[in-house]
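Quick note: the coordinates plus some simple rules give every number you see, no bench work behind them. None of these values were measured; they are calculated from a predicted model. In this analysis, Cβ positions are derived from the backbone assuming ideal geometry, glycine residues included, and neighbour counts consider all displayed protein chains.
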Amino acid sequence: MADYEVPELKDIPVIPAIKEGAMAHSSPFVSRAPFQEPMGYPDELVDNWQEVAIEKLGDLTKKYRSLKVFLDSCVKCGACTDKCHYFLGTADPKNMPVARQDLLRKVYRRYYTLAGKFFPKLVGATDLTKEVLDDWYSYYHQCSQCRRCSVFCPYGIDTAEISMAAREILDTVGVGQKYCNEIIGKVYEIGNNLGLPGKALGQTLEDLEEDVEDETGVAVKYPLDVKGADVLVVTPSADFFAEPHIDGLIGYGKVFHQAGINWTLSSHASEAANFGMFIGSYDNMKRVAMRVREAALDLGVKRIVVGECGHAWRVAYQFWNTLAGPFDFLDPNYPVPQHIIEVTHDLIQRGALNLDPSANDDKRVTFHDSCNVARATRMGNTPGGQFILPREVIKASVNHYFDMAPETIHDSTFCCGGGGGLLTDDLMELRVKGAMPRMQALTDVVKEYDVNYLAAICAICKSQFTKTLPYYDHPMDMIGSVHGLVSEAIQLGTKE
Amino acid sequence: MSMLTLGYSVLFYFAAFVLFAGLAYRIYTYANTPSPLKIVVTPAPTTKAGVVYRMWREVVLFESLFRSSKWTWVFGWAFHFGMLLVLLRHLRYVLETPWTWVDMIQPFGIYAGFLMLLGLLGLWARRILVDRVRYISSPSDHLMLAMLVGITVTGLLMKFVSGTDVIAVKNFMLGLIYFDIQPMPEDLILLTHLGLVALLMIVFPYSKLLHAPGVFFSPTRVQVDDPRETRHVTPWAKDAN
C-alpha cells in the first residue's frame, strides 16, 4: 500500500526511541510564481535570503510577544518531547516540539542574543545556513499547529506560534508551500478553497435540495445569497459536495428548517477555512476574514454561524473580532460568531428539535475532539464547553456513545495528522504516521466497544481520516459529521 | 582592604547591576511587545480573577508540568520549592535584624538544601539518561545544572561539614548594602559558593533562566478567554491592511 512502514499499533501506547533523520526527506511541494506573486511573496529563493530571513525573524520578535517570550523561555525540560503525534508516529527527534522550536531558536540565539553571539557552541546557537533553511522547510511542515505541546509546557510555549513565524519567514524569502498558497489564491479569485464558482455552487445547492426532498419528502432549503436572511452560515467548502462532509451540511439545513430559522450561505464568503493562519500571515488571514464581514453586511444578516471546521472555528472564535470586527451591526443577543454545534445544542435544550436517536441504532459512535476546537476555542459560556456541547448533541442523536481513552480526548486530544496546512497528497507518509496516536485510541474502542462510527466537527479531520483509516484496517466511511448524525435522527415534519 | 575583599565587592555590585538592569530590560521588552491576537490555550478562564488563579496553580504547583511528566515534576518542584526555602532562609545574612518568620523557617531552610540537591540531581539524571532529553540538551544546559549543584553543595558543606564564620559573612553583605565595605572572610568553600552565586546573577537575564519572568508574559496562559465578548486590538495590527 505504501513505500514506507505504517506504524504498528501496540497493546499500550509506547514512546519510541529516537531515530535521527527518520523524516528528513519529508517536504511538501514548493510554491511557484502563479501562487506566490498575488500574495506579495517572491517566487524563488531571493539572493540575499540570509539577510532577509534574519531581519524578518527580528521583526517578528518585535511584533509578536508570543514568539519573543517563547524563544527566550524554554528550559529544555523535555516535558513536551513525547506529546507530538508526529514524533510518536515517526520517532524523528526533530519532531519533538522543543527540537522543532530549536530549529528557529538556535538561529535566534546566534543573531539576537548575547550568549549566542559570543558562545554559540555553548548555547547551541548556529548560523543560518542552507541546511538550516531546508530543515525549516521540512520540519515546519511537519507541525500541524495543533497546540498539544503547549498544553503540557510549564510555560505554555506554543510550537504553533513558532511554526507560523517560520513559515512566514520562508514565504518572505521565496520558499512558500504550494498547497496553502495555491488555496489562498483560489479564495481570493473564486471565493473558496475548492475553486467552486458562485454559479456552480448555486447549482450544487439546488441539486442538494432535490436530493433531500426525494429522500425525506420535505422541502428543506439550502439558500444562497438571500438578502435579509437572519443567519449567515459560513462553512468549509468541502461541505458542499465531499463525503462525508455533505451529510453535515444536510444536517444544518434540517436543523434550521425544523427550528424555522431563516438562513443563507454566501457566494462571496463560501468558505470558512482561513489558510492565512497556517502560513502565519496576519495580512492574508485578515484579508480572508474580511470577506465574511463584507458578506454579512451585504446580505444584511443578524447572526453569523460557522459550520463544522476546526481551524476555521479557531480563526472565527479567537480572531474574527480582532481581524474583521467590530460586529456591532449584528444581533447582540447572540455570540458572534456562533458555532453550528452551539446553535443545535441550544435548540435541543429549548425543545425546538425532535430527535429520535434510534434512527442511528446501527451506529456505535465515538467523538474525535478536533485540535483547534479543543485547545483554541470555547462553545457556550463555560470553559470546556467545546468538549461538552458536541457530545451532548451526539448523545441526543444516537443511543450508543463511547469516549476514547481520557489521555487522548478533550484538551489532550491528538491531531488527526492532517491539520495546519498538511492535508496534501505530497505529505501522505507524514499524514499516515501522524495519524497513529489517534488510530491507536480509536482501535482500542473498536475492540472494546465495537465502535463503528468516528464523529468529527472538522473538514480537515474528515478528509484526513477518510484517507488514513484504511492504513490502520478501518473502513474509510467510518468517519462522519456530527450533523450527519443529527440529520439522521431529526424527525422532519413533526415540529415545524 | 584586601584584593579579595575588593574583588568580591566589585563582583557583587556588578552582578547585582546586571541582574536587576537585565531583568528590568527584559520585562520592559516583554511588556511592550504587542500580542496582536488572542491565542490563549483553552479551556481557559473567562475572567481576570480566573487567570490569576490559573497562574497561581502554574507558578506554585507547576500544574501543566504535573500533567505532562511526573518525574520532571517531582524533581523540578523539589528543586524550586527547596530553593525558595533556602533563599528565604538566607535573608538572615542580609537583614540586620531578621524578621521573626525568617528565624522560624531556619530549620526548614537548612534541610531544604537537600531537597534542592535531590531535585537538581534528578533533573540532571533525566538529561543524561532519557534519550529525548539528551538530544535536546546543549552544553549550557549541563553547565547551568553544574553551577546550581555547585552552589547547593558548597552551601551544604559549610552548614554540615566545614562550617564558616557566618558573622563575618553577614558583615560583608551588610557592608555591601550600606556602602561600607567590610572584609571578605578567606574561606575557599565560601568563596566558591559566593562566586557561583554572582555568576548565576550575571547569566540570569541572558539565559534560559528567563523562564521565571517569561511565564508571566506567556499569552497562551495569561490571556483571558473572551475574544467574542471583548474586541482585542493592538497598535500595529490595527494598521495592517
Which residues does a label at A:Asp473 reach in the range A:82-99, if reach means a backbone N under 11 Å from a point 7 Å past the Cα toward the Cβ?
none
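Under the rule of -39500 (n - 2.57) per DSSP H run of 4 or more residues, summed and divided by the residues of the protein assembly as shown, what mean residue ellipticity at 222 nm is obtained, to the nearest 500 deg cm²/dmol? Each step should come with its number before you reach the end.
Details: 36 runs with 394 residues, N = 737.
Per the formula, -16000 deg cm²/dmol.
Quantify how much of the Cα-Cα distance distribution of the range A:223-331 extends past 19 Å, in percent. Write out the running numbers ahead of the final one.
On the way: 2442 of 5886 pairs.
When every Cα pair of the range A:223-331 is considered, 41 percent fall beyond 19 Å.
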FRET efficiency (B:Leu6, B:Arg67; Cβ distance; R0 41 Å; to 0.05) is 0.25
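Rounding to the nearest 20 debye, state how big the charge dipole of chain A is about its Cα centre with +1 on each Lys and Arg Cβ and -1 on each Asp and Glu Cβ. Present the calculation step by step, with values, prior to reporting the outcome.
Values: 49 positive and 66 negative charges, 435 e Å.
Computed charge dipole of chain A: roughly 2100 debye.
Packing-wise, with mean Cβ within 10 Å as the measure, how do A:293-299, A:473-479 rank, highest first?
On the way: A:293-299: 17.6, A:473-479: 16.0.
Highest to lowest by the protection proxy: A:293-299, A:473-479.
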Picking from A:Ala79, A:Met23, A:Leu45, whose Cα lies most toward the positive end of the charge dipole for the range A:1-91 (charges on Cβ: Lys, Arg +1; Asp, Glu -1)?
A:Ala79
Within 10 Å of each Cβ of B:209-215, how many other protein chain Cβ atoms are there on average?
6
Assuming a viscosity of 1.002 mPa s and a temperature of 20 °C, what translational diffusion coefficient in µm² per second does Stokes-Einstein assign to the range A:282-441, Rh being the Kirkwood radius over Cα pairs?
122 µm²/s
Using a Förster distance of 60 angstrom, determine the FRET efficiency expected from the C-beta separation of A:Asn262 and A:Lys117, and round it to 0.05.
0.45
A:Ala219-A:Val14 FRET efficiency (beta carbon distance; Förster radius 45 Å; 0.05 resolution):
0.25
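Just the ratio, please: alpha-carbon radius of gyration of the range A:358-447 over 2.2 N^0.38 Å, N its number of residues. Working shown, then result.
Details: Rg = 14.4 Å, N = 90, 2.2 N^0.38 = 12.2 Å.
Normalised Cα radius of gyration, the range A:358-447: 1.18.
Report the charge-dipole magnitude of the range A:33-183 in Debye, nearest 20, computed about the Cα centre from +1 at each Lys and Arg Cβ and -1 at each Asp and Glu Cβ.
Details: 20 positive and 20 negative charges, 173 e Å.
For the range A:33-183, the charge dipole is close to 840 debye.
If we sort A:173-185, B:182-194 on the protection proxy, mean other Cβ atoms within 10 Å, highest first, what's the order?
On the way: A:173-185: 23.2, B:182-194: 17.8.
In descending order of packing, they fall as A:173-185, B:182-194.
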Once Lys and Arg get +1 and Asp and Glu get -1 on their Cβ, which of A:Pro383, A:Ser481, A:Tyr453 lies farthest toward the positive end of the dipole of the range A:366-496?
A:Pro383
In degrees, nearest 10, range 0 to 90: what is the angle between the Cα axis of helix B:166-177 and the longest Cα principal axis of chain B?
60 degrees
Dipole of the protein assembly as shown, positive end: most advanced residue of B:Ser9, A:Leu103, A:Ala115 [Cβ charges, Cα centre]:
B:Ser9
Tell me the label-point distance for the pair B:His90, A:Asp211, using the 7 Å Cα-to-Cβ offset, in nm and rounded to one decimal.
7.1 nm
Every cysteine in the protein assembly as shown with no other Cys Cβ under 4.7 Å from its Cβ, please list them in numeric order.
A:Cys74, A:Cys77, A:Cys84, A:Cys143, A:Cys153, A:Cys180, A:Cys309
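For the range A:56-201, what is the convex hull volume of the alpha-carbon atoms per residue, in Å³? Don't skip to the answer; put the middle values down first.
Working: hull volume 19.3 nm³, N = 146.
It comes to 132 Å³ per residue, whole-number rounded.
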Taking chain B as a Gaussian network, Cα atoms linked when under 10 Å apart, which of B:Val222, B:Val133, B:Val169 shows the biggest mean-square fluctuation?
B:Val133
Just to be sure I understand the curve: with the Debye formula and one point per C-alpha of the range B:25-169, what is log10 I(q)/I(0) at q = 0.17 Å⁻¹?
-1.14
From the Cα centre of the range B:84-129 to that of the range A:280-327, the distance in Å is 52 Å
For chain A, what proportion of DSSP beta bridges, expressed in % and rounded to the nearest 5, is antiparallel?
10 percent
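Over all alpha-carbon pairs in the range B:142-241, figure out the percentage whose distance exceeds 24 Å. Intermediate results must be reported in sequence, preceding the final value.
Details: 2540 of 4950 pairs.
Tail of P(r) above 24 Å: 51 percent of Cα pairs.
For A:Asp450, what charge total do you get from the other residues with a beta carbon under 15 Å from its beta carbon, if Lys and Arg give +1 and Asp and Glu give -1? Present the calculation step by step, with values, prior to reporting the outcome.
Working: positive: A:Lys363, A:Arg364, A:Lys447; negative: A:Asp361, A:Asp362, A:Asp403, A:Asp444, A:Glu448, A:Asp473.
Every neighbour counted, the sum reads -3.
Which values, in whole Å and largest first, are the semi-axes of the equivalent ellipsoid of the range A:310-401 obtained as the square root of 5 times each eigenvalue of the Cα gyration tensor?
Working: eigenvalues 149, 53, 17 Å².
The three semi-axes for the range A:310-401 are 27, 16, 9 Å.
Rounded, prolate or oblate: pick one for the protein assembly as shown, where a ≥ b ≥ c are the square roots of the eigenvalues of its C-alpha gyration tensor, a/c under 1.5 means rounded, and failing that, prolate if a/b is larger than b/c, else oblate.
Values: a/c = 2.10, a/b = 1.98, b/c = 1.06.
Taking the square roots of the gyration eigenvalues as a ≥ b ≥ c, the protein assembly as shown is prolate.
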Quick check on the range B:99-177: what does the Kirkwood estimate of hydrodynamic radius come out to from the alpha carbon pairs, in Å?
14.9 Å
Separation of the B:Val60 and B:Trp236 label points, Cα + 7 Å toward Cβ, nm:
3.7 nm
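How far, in nm, would the chain grow between A:Phe241 and A:Glu189 when pulled straight, counting 0.36 nm per residue and subtracting the alpha carbon separation?
On the way: separation 52, 0.36 × 52 = 18.72 nm, distance 2.00 nm.
Full-extension gain reported as 16.7 nm.
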Nearest-ten-degree value, helix B:139-160 long axis tilted from longest Cα axis of chain B
40 degrees
Determine the distance separating the Cα centre of the range A:438-495 from the Cα centre of the range B:24-43; give it in Å without decimals.
39 Å
Considering amide H positions built from the backbone, and no H for Pro or chain starts, which residues 5 or more places from A:Val30, or on another chain, come under 5 Å of its amide H?
A:Lys178
What nm value, rounded to one decimal, do you get for the distance between A:Lys495 and B:Ala24 when each label is placed 7 Å out toward the C-beta?
6.4 nm
